[in-house]
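Quick notes on the structure that follows.
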Amino acid sequence: MRQTTFLPNYTIGTDAYDAINEIVKAYGTKAVIIGGKTALQKAGSKIKASLTNEVTVIDTLWYGGNSTYENVDQLLQTPSVQEADVLFAVGGGRVCDTVKVVAEKIGKPVFTFPTIGSNCSPVTAVCVIYKESGEMQGLFFPTKPPTHSFIDTAIIAQAPDKYLWAGIGDALSKEIESSFSARGDQLNYTDGLGIQIGKMCTERLLTYGTQALKDSANNLPSYAIEQVVSDIIVTTGLVSVLVINDYNSALAHSFYYGTTVLEKMEDYLHGASVSYGVLALLKLDQQDALFERIYRFMQENKLPVSLAEMNLNTTTDVDAILDKAMTTNDIVHVPYEITREMFKEAILAVEAYQ
């Protein structure tokens, strides 16, 4: 069967926005900027300053506050979105996911401008959609990733440290989950390439992650930040684009999706929850040496190594999390059946570890 793969394109560096005009002008002359409120304040004027009269911003819009179909529909009905040649998504993962859905539905190119280093949404062809309540609703799959991502490391270094912190937690899952999900399968070329690229993730994060967080605290767009942000956004994004969705996640993300049913977790950062799920997956799969390394790294950098650090308890909260987690597709294509009891025992094993 025919297979077509669209790979992400990106520009990264403190001067990444200098490339916007030259790259975007091939796709049209009228752009609409859609973003989060803080992101628009931090990046909006810098984006506009990079453009010449070859590309004009005809409107700047708030994305709505969450990646919901209600916000997608609101944007689709906005006249300037309908008039634009290209869409600029400025902000974090939920901004990018919202605008990617809008772009797919309206048939326009989307360019992403991540202002935080928290996830790979700026370069992927998958969107996480939430209900108005905040609970995860499902996934939406555009036909291709964004046309180009402009990753300004100076803006990311100046963002609140918690976003890079959570991004590291999220990226810790990619190699571990994808390798686990693909274990024992006969991989075609593209899936195999994605799994191999994913093997860049863990070691690079463990090598540069601590220094990157220190540099972020000093608002310093350093080499360490560029390495870590490249891992968080690009490496994980390439894996996501190349492999079938079955290999994109596993138990760590099931744990996160489980936490979305708890109102008190509504503002807790996705990547931090996922990182705890990584520990649970490693315990379940008896990868003791890697568990030890990641546990100590997380502990050093104050990523959650216990439920209590997320304000969760081991009784009612875990049961609620598992009720949702066991319904997700993330633990369907795995090398062996994961039962509810196994999932719970893995969590309790993490809790017992010191």
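The values are calculated or read from the model by the stated rules, or taken from the named source; none is laboratory data. Keep in mind that this is a model prediction, so the values were computed, not measured. Positions of Cβ are generated from backbone atoms using ideal geometry, with glycine treated the same way; all protein chains shown enter the neighbour counts. For accessibility, only protein heavy atoms count, side chains too; no ligands or nucleic acids. Shrake-Rupley method; radii C 1.70, N 1.55, O 1.52, S 1.80 Å.
Of the residues examined, ASN66 is not one that is open to solvent by 10 Å² or more (accessible area, probe 1.4 Å), in contact with a helix residue (DSSP H, G or I) (Cβ under 7 Å, 6 or more places away or on another chain) and under 23 Å from LEU238 (Cα atoms). Residue count for segment 94-113 under the criterion of being part of a helix (DSSP H, G or I) and open to solvent by 20 Å² or more (accessible area, probe 1.4 Å): the result is 4. Only one entry of LEU193, LEU220, LEU187 meets the criterion of being over 26 Å from ASN301 (Cα atoms), not acidic (Asp, Glu) and not in a helix (DSSP H, G or I), and that entry is LEU187. Has segment 71-93 got at least one residue that is open to solvent by less than 10 Å² (accessible area, probe 1.4 Å), over 22 Å from the mean Cα position of the chain (by Cα) and in contact (Cβ under 8 Å) with a residue 60 or more places away in the chain? Within segment 71-93, one or more residues are open to solvent by less than 10 Å² (accessible area, probe 1.4 Å), over 22 Å from the mean Cα position of the chain (by Cα) and in contact (Cβ under 8 Å) with a residue 60 or more places away in the chain. Count of segment 273-315 residues, restricted to those that are open to solvent by 60 Å² or more (accessible area, probe 1.4 Å) and outside any loop (DSSP other than H, G, I, E, B), is 9. Test ASP267 against the criterion of being in contact with a His (Cβ under 6 Å, 6 or more places away or on another chain) and either at pLDDT 95 or above or open to solvent by 50 Å² or more (accessible area, probe 1.4 Å) (or both), and give yes or no. No, not satisfied.
Any residue at all in segment 179-197 that's closer than 30 Å to TYR17 by Cα and of a type in the set (Gly, Ala, Ser)? Yes, segment 179-197 has at least one match. Checking ASP161, ASP191 one by one, the residue that is free of Cβ contacts under 8 Å to residues at least 60 places away in the same chain and within 19 Å of THR38 (Cβ to Cβ) is ASP161 and no other.
Checked against the criterion of being over 18 Å from ALA159 (Cβ atoms), assigned to a strand (DSSP E or B), modelled with pLDDT of 95 or more and of a type in the set (Ser, Thr, Tyr), segment 12-27 has no qualifying residue. Does ILE116 count as open to solvent by less than 20 Å² (accessible area, probe 1.4 Å) and either in contact with a strand residue (DSSP E or B) (Cβ under 6 Å, 6 or more places away or on another chain) or not in a strand (DSSP E or B) (or both)? So ILE116 fails the test. Candidates are the residues of segment 238-264 that are closer than 14 Å to THR124 by Cβ and part of a helix (DSSP H, G or I); the one that is most open to solvent (accessible area, probe 1.4 Å) is ASN245. Could you tell me whether any residue of segment 34-42 is free of Cβ contacts under 8 Å to residues at least 40 places away in the same chain, among the basic types (Lys, Arg) and under 24 Å from VAL128 (Cα atoms)? Scanning segment 34-42, I find at least one residue that is free of Cβ contacts under 8 Å to residues at least 40 places away in the same chain, among the basic types (Lys, Arg) and under 24 Å from VAL128 (Cα atoms), so the answer is yes.
Applying the set (1) part of a loop (DSSP other than H, G, I, E, B); (2) buried (at least 21 other Cβ atoms within 10 Å of the Cβ); (3) not basic (Lys, Arg) to GLU132 leaves exactly one unmet item: (2).
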